[in-house]
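Coordinate-derived values only; no laboratory data. As the structure is a computational prediction, the values presented were derived from the model and not from experiment. Glycine also receives a Cβ, built like all others from the backbone with ideal geometry; neighbour counts cover every protein chain displayed.
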Amino acid sequence: MLPEDLPLATGHKVPEGHGMLEVIAGSGDTLFVDGRKVGTGSVKLPLAPKDGAYEIRAKLRDEERVRFALVKAGRLTRLRIAPPWRR
């Protein structure tokens, strides 16, 4: 599934010049963004835009899924990693 580029909701607060990355994953998935562990299950992270895409890895047991997403200033990037029945 491709990342969605959406407007930021009124309640999302991000630093000036940043965007928000929302990763929707299974509750047992351990998530990494550019190699840094960011949590388990679905997460929302304010991130600065950069040249190129962020690498998102989801690990569950022996399975690992890798996706890539661009983050834009003032926008929400939503990436679904888990199938709908696993959320």
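Some points to look at:
- Peptide packing for 29-42, 6-19 was compared via the average number of neighbouring C-beta atoms within 10 Å per residue; ordered from the highest value, the list is 29-42, 6-19.
- Here residue 37 is the anchor, and the aspartates and glutamates within straight C-alpha reach of less than 18 Å, apart from those fewer than 8 places off in the same chain, are 22, 29, 55, 62, 63, 64.
- Simple Cβ-charge dipole of segment 4-86, Lys/Arg +1 and Asp/Glu -1, about Cα centre, in debye nearest 20: 160 debye
- Expressed as a fraction of 2.2 N^0.38 Å, the value expected for a compact globular protein of N residues, the C-alpha radius of gyration of segment 22-62 is 1.15.
- Sorted from greatest to least, the principal axis extents spanned by the alpha carbons of segment 4-86 come out as 38, 25, 18 Å.
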